[in-house]
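A.B. asks: Would you mind keeping the following structure in view while I ask a few things?
The values are calculated or read from the model by the stated rules, or taken from the named source; none is laboratory data. Remember, predicted model here, so these are calculated numbers, not experimental data. Ligands, DNA and RNA are excluded from the accessible area calculation, which covers all protein heavy atoms including side chains. Shrake-Rupley method; radii C 1.70, N 1.55, O 1.52, S 1.80 Å.
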Amino acid sequence: MSGIYNSLEERLSYAQEKSLAYPEFLELLLEDEYNNRRDNSYKKRFSKAKLPAYKTFEDFEHALFSEEWKKEWQYKSGLMGDVAVMGFPKATELATEGKYV
């Protein structure tokens, strides 16, 4: 019950300030405990996953992707779209485009 323990004094002063009833005060404490457990669960799962690095979208380097790479990606995503709707490309079409999957 560390979530309640960590926020008890702050919540108590808030409850006195706002003249909260006991059920409302209890609801705040239980919400803090729930949030604490959810956060701890996420942290545990993240550490157990042993991912090689923590990346955010802000860290992503957009300049790394050349126009050639973008064209290749669009081609491959187009192929996957064709496969998804059962529109398989013919081998001759791939060969004439110089693409081998």
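A.B. asks: Exactly one condition in (1) modelled with pLDDT of 90 or more; (2) open to solvent by 100 Å² or more (accessible area, probe 1.4 Å); (3) of a type in the set (Lys, Arg) is false for ARG11; which is it?
C.D. replies: It fails just one condition, (2).
Matching residues to (1) open to solvent by less than 70 Å² (accessible area, probe 1.4 Å); (2) at pLDDT 90 or above; (3) in a helix (DSSP H, G or I); (4) at positive phi:
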{"position": "GLY3", "(1), (2), (3), (4)": "yes, no, yes, no"}
{"position": "GLU17", "(1), (2), (3), (4)": "no, yes, yes, no"}
{"position": "LEU26", "(1), (2), (3), (4)": "no, yes, yes, no"}
{"position": "LEU30", "(1), (2), (3), (4)": "no, yes, yes, no"}
{"position": "SER41", "(1), (2), (3), (4)": "yes, yes, yes, no"}
{"position": "GLU72", "(1), (2), (3), (4)": "yes, no, yes, no"}
{"position": "LYS76", "(1), (2), (3), (4)": "no, no, yes, no"}
